[in-house]
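Okay, structure first, notes after.
Computed from the coordinates by the stated procedures, all read-outs in this text should not be read as laboratory data. The model shown is predicted, which means the values in this text are computed figures rather than measured ones. Cβ coordinates were reconstructed from backbone atoms using ideal geometry, including for glycine residues, and neighbour counts include every protein chain displayed.
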Amino acid sequence: MKVRLEMKRGRLFVALFIMILLFSLYGRITDRFVKLNGVTGTSSFSGGTISEILNGETQTNLNTYIENNFGGRSLLIKLRSQLLYSGFGISPNKNVVIGSNRFLFEPEYIYKELNIYQPAGDEYFDELMDKLEEIQNICEENGKELFVFVTPSKAYFCKDMIPRKYFELGNDEETNYQKFIRHIQERNLKYFDSHAYIEEHKNEIEAPVFYSTGIHWSHPWGNKCAIEFAKYISLNSRYCLGNFSQEISRKETKKPDHPDADLYNSLNLFAKPNNDIYYDSRITLESESDCPKVFLRGGSFMGQSLRAIGNAGAWDTAAHFENNYCFVDNYSKTMNFSAFDSYEEFESMGEYLGQADILILEVNEAATPNMSWGFIDYLLDNQQLLKNRTS
């Protein structure tokens with residue numbers, strides 16, 4: 001009996017050894033069904049010259065290629081990620097911080113909210129306001145209007161979920177956002193502060209401002225602030241954008257829409273998120289709008305909010321320039337650029353800026369130290385782009 005048991009154990013170990021040995025072969029089958037999210041390493045290999053072989057470069061490239069392309073890699077990455085996240089509460093992605101109640105953050109937002117990164121000085125914000133006023137003057141000379149739209153940070157509205165260790169690295173001095181608002185209030189600039197609006201009205205709707213699973217604001221709050229911004233424009237512009245209604249509904253399932261779980265998805269886990277209740281939101285234009293042409297420049301928070309105003313028919317979207325891509329002609333065409341500040345690649349920018357009646361610059365409160373990725377300076381260096389043109 002003992003001999004048979006040892007034989008069975010031996011066969012089991014041999015079978016396991018063979019399975020491990022052949023995993024890179026049958027693992028390619030699992031890779032057809034197991035997909036990774038976010039940025040993952042990829043590489044190619046095409047041999048090498050004699051000198052590259054002799055100096056070891058070819059061997060290094062081959063090793064990198066094998067690491068990034070062996071069969072079953074996706075499955076192993078997800079297994080490791082799930083073990084770290086569920087078993088030890090560790091983030092498998094260095095660009096994601098796990099806070100209390102599994103709230104996820106991007107480190108940069110934490111660093112800026114807690115002043116772990118040194119805030120910009122008053123000189124910077126004085127200069128920024130000077131530039132914005134100069135652009136506003138150029139716009140007025142060409143019959144255009146300038147508005148600034150400030151969007152919120154998860155690190156502020158979910159601050160109690162940030163791991164305590166980060167608070168030891170920061171300080172309670174003025175943040176970049178606080179300095180930005182203090183300086184813009186002193187100038188003759190038109191701006192809408194979503195951060196302040198949410199603070200005053202955060203109990204008016206059931207949906208949270210931010211979900212635990214994503215870095216962007218929820219659709220109900222993005223749309224609510226977009227409506228209020230549209231009201232602000234109507235009160236401070238020669239254009240009336242009409243009246244809006246918003247319909248908010250709780251989702252029957254816990255399946256999030258993009259980007260409500262963008263951070264969670266970047267962890268490459270098997271389990272679906274189940275900590276949040278997600279909400280849908282729809283904006284409807286209830287009355288007639290003057291429908292001005294608008295050029296928007298900002299980031300993804302703008303895409304989650306102001307795009308809904310254009311889709312509702314309150315304005316004609318000449319161009320929606322978000323991050324490093326741009327939608328033009330009411331989102332009928334899309335242009336992609338090599339970088340956030342590759343403005344020289346947007347050869348027809350003057351055409352769309354010239355058509356616009358309103359220029360909107362969006363800035364997230366965490367991005368006030370580098371507002372618009374050099375777009376403000378680009379406009380000042382190329383003021384002819386703001387001259388009126390017929391469509």
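Odds and ends about this structure:
- Size of electric dipole in the stretch 104-386: Cβ of Lys, Arg +1 and of Asp, Glu -1, about Cα centre, debye, nearest 20: 1080 debye
- Considering the stretch 104-386 at the alpha-carbon level, its Rg and Dmax are found to be 18.8, 56 Å.
- Exposure proxy order (Cβ contacts within 10 Å, fewest to most) of D280, D357, D257: D257, D280, D357
- Dipole of the stretch 104-386, positive direction: furthest Cα of V209, I181, Y111, with charges on the beta-carbon: V209
- C-alpha center-to-center spacing [the stretch 160-174, the stretch 247-298] in angstrom: 29 Å
- For H219, H201, order by how many other beta-carbon atoms lie within 10 Å, fewest first: H201, H219
- Whether the stretch 76-227 is rounded, prolate or oblate, judged on the alpha carbon gyration tensor where a/c under 1.5 counts as rounded: prolate
- Taking other C-beta atoms within 10 angstrom as a stand-in for reagent exposure, M161, M349 fall in the order M161, M349, fewest first.
- Each of L132, G99, Q82 was placed along the dipole of the stretch 79-143 (beta-carbon charges, centred on the mean Cα), and the one lying farthest toward the positive end is Q82.
- Calculated P(r) tail over 20 Å for the stretch 210-320, as whole % of Cα pairs: 45 percent
- Overall dimensions of the stretch 217-260 as given by Cα atoms, namely Rg and Dmax in Å: 13.8, 44
- Positive contributions from Lys and Arg (+1) and negative ones from Asp and Glu (-1), summed over other residues with Cβ under 9 Å from the Cβ of V209, come out at +2.
- Charge dipole of the stretch 239-353 about the Cα centre (unit charges at C-beta), most positive-ward option of S305, I277, C240: I277
- Mean Cβ count within 10 Å, highest first, over the residues of peptides 174-184, 142-152: 142-152, 174-184
- The amide H of V209, built 1.01 Å from its N in the peptide plane, has no neighbour under 5 Å, considering only residues 5 or more places off or on other chains.
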